[in-house]
Amino acid sequence: MIVRPKTRGFICVTAHPEGCAAHVQEWIDKTRTHGVVRGGPKRVLVVGASTGYGLASRVSAAFGCGADTLGVFFEKPSEPGTLGTAGWYNTAAFEKAARAAGLKAPSINGDAFSDGIKQRAVEAIRSGLGEIDLMVYSLASPRRTHPRTGVTHKSTLKPIGEAYTSKTVDTDKGTVGPVSIGPASEQEVADTVAVMGGEDWQMWVDALEAGGVLAEGFTTVAYSYIGPDLTWPIYRAGTIGKAKEDLERVARELAVRMAARGGRAFISVNKALVTQASSAIPVVPLYISLLYRVMKEQGLHEGCIEQMNRLLGRLYGEGPTPVDEFGRIRLDDWEMRADVQRAVAELWPQVGTDNLAALSDIGGYRAEFLRLFGFGLPGVDYEKDVDPHVMP
């Protein structure tokens, strides 16, 4: 099968097995170049481990700290003659590389929101890893079936209180135009918090603690985003922002609980990057295209793997982990620098369809998006017939 990118809206519906493997190897190489994190974790659980920040966390832990890892995710496996998802191919490549390095790297494919998958994870840790000293919660999903009520909640990306009008970019067509989004209902806000808030993270820690698989000094971290004034109405002040506030509430509660056993809990506020999740948020792709141009020009640009390598350095460096006044780790510090935000804000009112390529890094955005699905990687022959069926 010759595999080519086929996009539908903000998603690519095909993935290239060898391209995904090359992308994972690129992250492994960058992590090894970054160097060993001394005193880092040795047994790590990553929930949401197959793409984006979650996959980068697993790569960084394994190849930057020498950690055995358990990954949990929900992906479509490949079958003979049928493509799997990018996350499936990413995981297959990661597991192969980890085993070659002498590391344990089991994975669980299923609904991470369910009690059953949590119990499977506990059993896998007990039988294969013993105890874990780090859990990364990097789950991104548009819906969640609550394990206790059976109700399926769907998240929305809407402002709260009043409609929001701004501009966005159609990344396929390269056109900049207005976008108007009506306000969320109270139910939509509640549903978004149910999907993307902190309850499931707390349930994971509860299950792991009850299962007796948390090591002394156990640390857990979940990922969030704040963003600038440009995206504030649709992100931090919108439905997803309410979910992130709930995530931070849970972080504070977990920090108190874990401290009793010498452990820690953090929110890491990460940089805006091209991910499957961020591509779905109106306004954000245009902001990222401008941000990429500015940060690349200033030599400040980082991708997922650079961010996660920096995170582990902060978590396990000498002395207390540096946090802001709310106890959050700020990996968005370079993005939110005053000079960076000032430059983006100056470009924002100027950018339109005619000058999009000149004022932004839309080309970089598109290339990074396709790389998520294994396309555009150097050294990969995309004209070659490949077997779509790949097993970990």
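Residues are listed down the side, and each one gets a yes or a no for (1) touching a helix residue (DSSP H, G or I) at 6+ places or on another chain (Cβ under 8 Å); (2) hydrophobic (A, V, I, L, M, F, W, C); (3) closer than 23 Å to Thr168 by Cα; (4) touching a residue at least 12 places away in the same chain (Cβ under 8 Å):
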site	(1), (2), (3), (4)
Ile281	yes, yes, yes, yes
Tyr292	yes, no, yes, yes
Lys296	yes, no, yes, yes
Asn309	yes, no, no, yes
Leu312	yes, yes, no, yes
Leu315	no, yes, no, yes
Thr321	yes, no, no, yes
Ile329	yes, yes, no, yes
Criterion violated by Arg58 - all others in (1) in contact with a helix residue (DSSP H, G or I) (Cβ under 6 Å, 6 or more places away or on another chain); (2) within 25 Å of Trp204 (Cβ to Cβ); (3) surrounded by 24 or more Cβ atoms within 10 Å (Cβ to Cβ) satisfied: (1)
Near pairs, Cβ below 8 angstrom, 6+ apart or cross-chain, from the stretch 224-250 (under 14 Å from Pro282 (Cα atoms)) to any residue that is buried (at least 22 other Cβ atoms within 10 Å of the Cβ) and basic (Lys, Arg): Arg236/Lys244
Search result, residues across the stretch 121-146 that are in contact with a helix residue (DSSP H, G or I) (Cβ under 9 Å, 6 or more places away or on another chain) and assigned to a strand (DSSP E or B): Ile132, Leu134, Met135, Val136, Tyr137, Arg143, Arg144
Residue that is nearest to Phe94 (Cα to Cα), among those in the stretch 362-392 that are among the basic types (Lys, Arg) and in a helix (DSSP H, G or I): Arg371
Of all residues in the stretch 91-123 being polar (S, T, N, Q), touching a strand residue (DSSP E or B) at 6+ places or on another chain (Cβ under 9 Å) and touching a residue at least 40 places away in the same chain (Cβ under 8 Å), the one that is surrounded by the most Cβ atoms within 10 Å (Cβ to Cβ): Thr91
Out of Glu335, Glu306, sole residue that is among the acidic types (Asp, Glu), crowded, with 18+ Cβ neighbours inside 10 Å, assigned to a helix (DSSP H, G or I) and modelled with pLDDT of 95 or more: Glu306
Complete set of residues in the stretch 324-352 that are of a type in the set (A, V, I, L, M) and more than 20 Å from the chain's Cα centre (by Cα): Ala338, Val340, Ala343, Val344, Ala345, Leu347, Val351
Odd one out for Val274 among (1) touching a strand residue (DSSP E or B) at 6+ places or on another chain (Cβ under 9 Å); (2) buried (at least 23 other Cβ atoms within 10 Å of the Cβ); (3) of a type in the set (Val, Ile, Thr): (1)
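Inside the stretch 23-46, can you point out the residues that are more than 19 Å from the chain's Cα centre (by Cα) and more than 24 Å from Thr220 (Cβ to Cβ)?
So the first thing to find is which residues in the stretch 23-46 are more than 19 Å from the chain's Cα centre (by Cα), and the list is 29, 32-43.
Answer for the stretch 23-46, where residues must be more than 19 Å from the chain's Cα centre (by Cα) and more than 24 Å from Thr220 (Cβ to Cβ): Asp29, Arg32, Thr33, Gly35.
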Meets criteria (β-branched (Val, Ile, Thr), crowded, with 19+ Cβ neighbours inside 10 Å, within 18 Å of the chain's Cα centre (by Cα) and not in a strand (DSSP E or B)) for Ile267: no
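The values are calculated or read from the model by the stated rules, or taken from the named source; none is laboratory data. This one's a predicted model, so the numbers in the text were calculated from it and none came from an experiment. Here Cβ is always computed from backbone atoms with ideal geometry, including for glycine, and neighbour counts include all displayed protein chains.
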